[in-house]
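Working notes, beginning with the structure itself.
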Amino acid sequence: PGRSASSVRRSGWSTPSATGRTVAEQGKKEKKDAGQAVAAGDDADLAPIDLQVAWRLLPFMRPHLRLVLLGLGLMFTVTALGLLGPKLLGATVDAIDQRDADRAARAAGLLGAAFVGLYLGRFAMGWALGVLGQRILYDLRTTLYEHLERQALSFFQRWPVGRLVTRVTGDVEALAELFSVGVITILSDVVTIVGVALVLLWTDLELALLGLSALPPLAALVLVMRRPIRAANR
């Protein structure tokens, strides 16, 4: 009694109406901050790839290093057999054209062995990468679920449940596929392209340059279409 409203506010006390306004303003602010956080998460999907995030995911591959090395070895073997096939096929056709039965039989036998090795290598590589992907998927989901269990209730009030479920299920599965099948496939494609280019340059320089002339326009098209495709996919 006897204290002014300004002195009450300065001392930290507030009237019921002022308290209601304060709580309402704080609620609006928290809701706005939560909306900005969710919007920032949406914008992150369109941001360039952050290599620091990729390096943070590499430890999930360390416990399965043997499978990674096995997949890489099978990848190089399959790529080499794939590049060897056309050469053996050409040798077989040349031997048949020259009516050299012995050489044709040897070349055909080597060609058949190369194709058998190619299919077996692809089967083994698919098995190894499948096991690797499932193990990484298990580790990622376990780690992420344990992380969510340690969060406060306010965290689940700020972030929509659907987004969290997507992170734990779909996004984690995509990451596991990227670090198992995706990385090996990208390396295999790069090695194959380089190998084919070297064989073409060694066989026929002009024909190789003509065939490789399509790569720059394709690379430019990929760079131009990358962001719109990512936005549409999201």
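Among L111, L89, L67, which is the only one that is modelled with pLDDT of 85 or more, part of a helix (DSSP H, G or I) and within 20 Å of V191 (Cα to Cα)? Working first, answer last.
Details: L111 fails: within 20 Å of V191 (Cα to Cα); L89 fails: within 20 Å of V191 (Cα to Cα).
Residue meeting the stated conditions: L67.
Can you list residue pairs whose Cβ atoms sit under 7 Å apart, with the first residue in segment 208-234 being in contact (Cβ under 8 Å) with a residue 60 or more places away in the chain and closer than 15 Å to I193 by Cα and the second being open to solvent by 80 Å² or more (accessible area, probe 1.4 Å) and not charged (D, E, K, R)? Count only pairs 6 or more apart in sequence or on different chains.
As it stands, the answer is none, since no pair meets every condition given.
Here is a check on your reading of the model: is A174 open to solvent by 50 Å² or more (accessible area, probe 1.4 Å), under 21 Å from G126 (Cβ atoms) and of a type outside the set (D, E, K, R)?
Yes; evaluated as a whole, the condition is true for this residue.
Does segment 155-173 include one or more residues that are under 18 Å from N233 (Cβ atoms) and among the basic types (K, R)?
Yes, the conditions are met somewhere in segment 155-173.
Return the only residue of R141, R103, R122 being touching a residue at least 12 places away in the same chain (Cβ under 8 Å), basic (K, R) and within 25 Å of R62 (Cβ to Cβ).
R141
Mind checking whether some residue in segment 46-54 is open to solvent by 100 Å² or more (accessible area, probe 1.4 Å), part of a helix (DSSP H, G or I) and of a type in the set (A, V, I, L, M, F, W, C)? Can you show your working first?
Applying the first criterion (open to solvent by 100 Å² or more (accessible area, probe 1.4 Å)) to segment 46-54 yields 48-49, 51-52.
Those left that are additionally part of a helix (DSSP H, G or I): 51-52.
From what's left, of a type in the set (A, V, I, L, M, F, W, C): 51.
Taking every residue of segment 46-54 in turn, at least one turns out to be open to solvent by 100 Å² or more (accessible area, probe 1.4 Å), part of a helix (DSSP H, G or I) and of a type in the set (A, V, I, L, M, F, W, C).
Which count do you get for residues in segment 195-234 that are within 22 Å of the chain's Cα centre (by Cα) and open to solvent by less than 90 Å² (accessible area, probe 1.4 Å)?
7
The values are calculated or read from the model by the stated rules, or taken from the named source; none is laboratory data. Since the model is a prediction, treat every value here as computed from it, not as a measurement. No Cβ is skipped: glycine too gets one built from the backbone with ideal geometry, and neighbour counts run over all protein chains shown. For accessibility, only protein heavy atoms count, side chains too; no ligands or nucleic acids. Shrake-Rupley method; radii C 1.70, N 1.55, O 1.52, S 1.80 Å.
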